[in-house]
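Here's the structure we're looking at; comments come further down.
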Amino acid sequence: MTAARPETTDMQTDTAAHAATLPGLVVRPFAGEADLAEIARIQNAEWEADGVRGRTTPEELAAWLSHPSEQFDARRDVSLTEVDGRVVAVTQVDWIDATDGVREYRSRCWLDPVYRRRGIGTMLLLRSEQRRRQMAAGHDTDRPKVLGVGTAETNLGGNALFRRFGYEPVRWFFDMERAIDGGLPEIPALPAGIEVRPVGREHARQVWEADHDAFRDHWGGADASDASFQRWLDSPEFDPSLQVVAWDGDEIAGAVLNAIYPEENEALGVRRGWLDSVFTRRAWRRRGLARALIVRSLHLLRERGMEGAVLGVDADNPSGALGLYESVGFAATERFVAYRRPLEVPSP
């Protein structure tokens, strides 16, 4: 990330200007519950066009967008683009103090595939950069400031756009899947002194904090605010009975936080469960705990009627998660790219 920030070319500026003058084009703030169905439609349409096997629902979005924090407030940080009154794109921005020492101002845009190749994506990227620069200008921090974006590797237009604007790929993430309707590995014994015990909503805060603690030395970062915790708790698929949590006395040593998304399964014509988060805290690593919890999760998901399991992984995870998942039968099926570029904040 040593390259200087490129100047916007005349062609890029002209393209964005053309998009901004398309008849009936309006960019407006998020209006709350009334927008949830349209946001879900746009996100799902983009994922389907790019072959991404994920879907969302208005109910899931409600949980995510209803709890403002310092780092992300939907009323402030989400915008919708309309053409002749039809929603064609959704953009959100936020910021995070990443574990590699930078403050990252992130943007994500979902664009209805029907409206690709019209300059709308370029225009929205320029707008998001302006908004993120405004955010950064108001922050007093010693951390280097960077712009961040990301997309599926199959979104060829999005990847080309980011590279054209000087963003460089810095990390790859995989979705990995395996079938669980056939033979499964036998459940390994837990390390000495560790036991799996059921959890309920009353344990949610402790589970949440253990999850964040386990990932504090992994690349990236997360919003650990009370608002972010409430988003997770309010998710319609939050189900503690699917969480496989390992305890060492009163301490959580590790866990696999599983979830089943019925609407996604129906839309894709599959029956699969997600291992949404797999973690082992530092003091309990290198003892086979993660493998034992993963295999337990596979058996649990099969007992709940699932035929497949899926998880996401950082390809360069420092704890060797990619190799672990491959060793229990998972294979990469989709790839996603995280991009960054330095941010020079103009003087106020």
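Things to note:
- Qualifying residue in the stretch 72-81 (condition: under 17 Å from Ile120 (Cβ atoms) and loosely packed, with under 15 Cβ neighbours inside 10 Å): no
- Verdict on Arg108 being surrounded by fewer than 20 Cβ atoms within 10 Å (Cβ to Cβ) and within 29 Å of Arg216 (Cα to Cα): yes
Table: residues versus (1) loosely packed, with under 14 Cβ neighbours inside 10 Å; (2) under 27 Å from Asp73 (Cβ atoms); (3) touching a helix residue (DSSP H, G or I) at 6+ places or on another chain (Cβ under 9 Å).
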| site | (1), (2), (3) |
| --- | --- |
| Ala192 | yes, no, no |
| Ala210 | no, yes, no |
| Asp213 | no, yes, yes |
| Ala222 | no, yes, yes |
| Trp232 | no, yes, yes |
| Ser235 | no, yes, yes |
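- In the set Glu344, Glu334, only one residue is over 25 Å from Leu190 (Cα atoms), open to solvent by less than 40 Å² (accessible area, probe 1.4 Å) and either in contact with a strand residue (DSSP E or B) (Cβ under 6 Å, 6 or more places away or on another chain) or in a loop (DSSP other than H, G, I, E, B) (or both); that residue is Glu334.
- When the stretch 28-62 is filtered for residues that are among the aliphatic types (A, V, I, L, M) and open to solvent by 10 Å² or more (accessible area, probe 1.4 Å), the ones remaining, listed by number, are Ala31, Ala34, Leu36, Ala37, Ala45, Ala49, Val52, Leu61, Ala62.
- When Leu147, Leu156, Leu184 are checked against the criterion of being in contact (Cβ under 8 Å) with a residue 40 or more places away in the chain and either closer than 27 Å to Arg28 by Cα or surrounded by 20 or more Cβ atoms within 10 Å (Cβ to Cβ) (or both), a single residue qualifies: Leu147.
- Within the stretch 248-273, the set of residues being surrounded by fewer than 20 Cβ atoms within 10 Å (Cβ to Cβ) and closer than 16 Å to Glu209 by Cα comprises Asp248, Asp250, Glu251.
- Residues (open to solvent by 40 Å² or more (accessible area, probe 1.4 Å) and either in contact with a Lys or Arg (Cβ under 9 Å, 6 or more places away or on another chain) or more than 24 Å from Tyr261 (Cα to Cα) (or both)) located in the stretch 274-318: Arg281, Arg282, Ala283, Arg285, Arg286, Arg287, Gly288, Glu307, Asp316, Pro318
- Selection of helices (runs of 4 or more DSSP H) fully inside the stretch 205-314 by the criterion of at least 2 residues being within 30 Å of Gly193 (Cβ to Cβ) and at pLDDT 95 or above returns 226-234, 289-303.
- A count restricted to the stretch 111-130 and to residues that are open to solvent by less than 30 Å² (accessible area, probe 1.4 Å) and part of a helix (DSSP H, G or I) stands at 8.
- Filter pass, Glu334 being closer than 25 Å to Leu161 by Cα, at pLDDT 95 or above and of a type in the set (Asp, Glu): yes
- Pro240 falls short on exactly one of the conditions (1) in contact with a Gly (Cβ under 8 Å, 6 or more places away or on another chain); (2) buried (at least 18 other Cβ atoms within 10 Å of the Cβ), and that condition is (2).
The values are calculated or read from the model by the stated rules, or taken from the named source; none is laboratory data. For clarity, every value in this text was computed on a predicted model and none was experimentally measured. Note: ideal-geometry Cβ built from the backbone for every residue, glycine included; neighbour counts use all protein chains shown. All accessible areas refer to the heavy atoms of the entire protein, side chains included, with ligands and DNA or RNA removed. Shrake-Rupley method; radii C 1.70, N 1.55, O 1.52, S 1.80 Å.
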